1. Mind checking whether some residue in the stretch 227-237 is over 21 Å from P124 (Cα atoms) and in contact with a helix residue (DSSP H, G or I) (Cβ under 9 Å, 6 or more places away or on another chain)?
2. Residues R135, R100: which one is of a type in the set (K, R) and at pLDDT below 95?
3. May I ask you to verify whether A50 is under 30 Å from G33 (Cα atoms), among the hydrophobic types (A, V, I, L, M, F, W, C), part of a loop (DSSP other than H, G, I, E, B) and touching a helix residue (DSSP H, G or I) at 6+ places or on another chain (Cβ under 8 Å)?
4. Go through (1) part of a loop (DSSP other than H, G, I, E, B); (2) under 27 Å from A116 (Cα atoms) for D36 and report which single condition fails.
5. On the given criteria, is E71 under 20 Å from L6 (Cβ atoms) and not hydrophobic (A, V, I, L, M, F, W, C)?
6. What about E54, is it surrounded by 14 or more Cβ atoms within 10 Å (Cβ to Cβ), among the acidic types (D, E) and within 24 Å of G129 (Cβ to Cβ)?
7. If you scan the stretch 233-253, which residues turn out to be more than 15 Å from A173 (Cβ to Cβ) and part of a helix (DSSP H, G or I)?
Amino acid sequence: MARTPLIAGNWKMHTTAEEARALARAVRDGAAGVGDVEVVVCPPFTALAAVADELAASAVKLGAQNVFYEEMGAFTGEVSPPMLTALGVEYVIVGHSERRQYFHETDDVVNKKVRAALAHGLKPIICVGEKLEEREAGDGWKDLVRGQVKAALAGVSVAHAAKAAVAYEPVWAIGTGRTATPAAAAEAHALLREVVSGTFGRETAELFRILYGGSVNPENVKELMAEPDVDGALVGGASLKAESFVAIMHFGE
């Protein structure tokens, strides 16, 4: 069964509410002519409401960049799943390498966030990937990313797993201008699909979307998307300019 490509823009810590409105409006207009591709934008928390207004009645979906695993409580500075769903958020990025690096998120924390998101109807985009030294050390990187996926999806039902996606983001390619070759991306994506298959069965694995992230741009997206196990992209810097993000939606055409 064909998987609908998913192109998600991670705006990271960029844009005020008004800047986000303008960017969302341009993305919305540019996405009007896109065919069978699902498009998501993930602005910072402070701009979610403004972007939701701009995306109303459009096909572009709203995502958040993070979520906490409790519904409410004394967790200063955190944002819960119900807070996100109340704003119309449909997707949420979980376990991004920057969260793991700067905020010390462990596999256990990522798993709690994944399960909390799914329990409240949010669709998690689960980020996994290896550092440069891990990639260059041999095949150990494969065990690392396998372990990250298994840990993130531990305790998740088959029905819920089908609503999630994984973004393979080699840490050495994020924001560096370096991109995994299409062959390297294909190898990693095939490996991750086998993990999903071994955990949830072949049918779920065939429906499960695995995105590539790491310096995706209009020049390299076509080659990446040509790989059969690459189902879309999690786009960082190139999503901050509507023209380049729209070009990525069209796979560089």
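The values are calculated or read from the model by the stated rules, or taken from the named source; none is laboratory data. Quick caveat, the model's predicted, so the values are computed rather than measured. Glycine gets a Cβ as well: all are built from the backbone with ideal geometry, and neighbour counts include every protein chain shown.
1. So in the stretch 227-237, the residues over 21 Å from P124 (Cα atoms) come out as 227-228.
Checking the rest, the ones that are also in contact with a helix residue (DSSP H, G or I) (Cβ under 9 Å, 6 or more places away or on another chain) come to 227-228.
Yes, there is a match, as at least one residue in the stretch 227-237 is over 21 Å from P124 (Cα atoms) and in contact with a helix residue (DSSP H, G or I) (Cβ under 9 Å, 6 or more places away or on another chain).
2. Numbers: R100 fails: at pLDDT below 95.
On inspection, the qualifying residue turns out to be R135.
3. Numbers: under 30 Å from G33 (Cα atoms): yes; among the hydrophobic types (A, V, I, L, M, F, W, C): yes; part of a loop (DSSP other than H, G, I, E, B): no; touching a helix residue (DSSP H, G or I) at 6+ places or on another chain (Cβ under 8 Å): yes.
Judged against the criteria, A50 is not a match.
4. Evaluating D36 over (1) part of a loop (DSSP other than H, G, I, E, B); (2) under 27 Å from A116 (Cα atoms) leaves (2) as the failure.
5. On the way: under 20 Å from L6 (Cβ atoms): no; not hydrophobic (A, V, I, L, M, F, W, C): yes.
It is false that E71 is under 20 Å from L6 (Cβ atoms) and not hydrophobic (A, V, I, L, M, F, W, C).
6. For E54, the condition - surrounded by 14 or more Cβ atoms within 10 Å (Cβ to Cβ), among the acidic types (D, E) and within 24 Å of G129 (Cβ to Cβ) - is not met.
7. Restricting attention to the stretch 233-253, the residues satisfying the condition of being more than 15 Å from A173 (Cβ to Cβ) are 239-253.
Hits for the stretch 233-253 are S239, L240, A242, E243, S244, F245, V246, A247, I248, M249.
Listed here are the residues, each with its yes/no results for (1) small (G, A, S); (2) buried (at least 21 other Cβ atoms within 10 Å of the Cβ); (3) in a helix (DSSP H, G or I).
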{"position": "P124", "(1), (2), (3)": "no, yes, no"}
{"position": "G138", "(1), (2), (3)": "yes, no, no"}
{"position": "D143", "(1), (2), (3)": "no, no, yes"}
{"position": "K150", "(1), (2), (3)": "no, no, yes"}
{"position": "A159", "(1), (2), (3)": "yes, no, yes"}
{"position": "K163", "(1), (2), (3)": "no, no, no"}
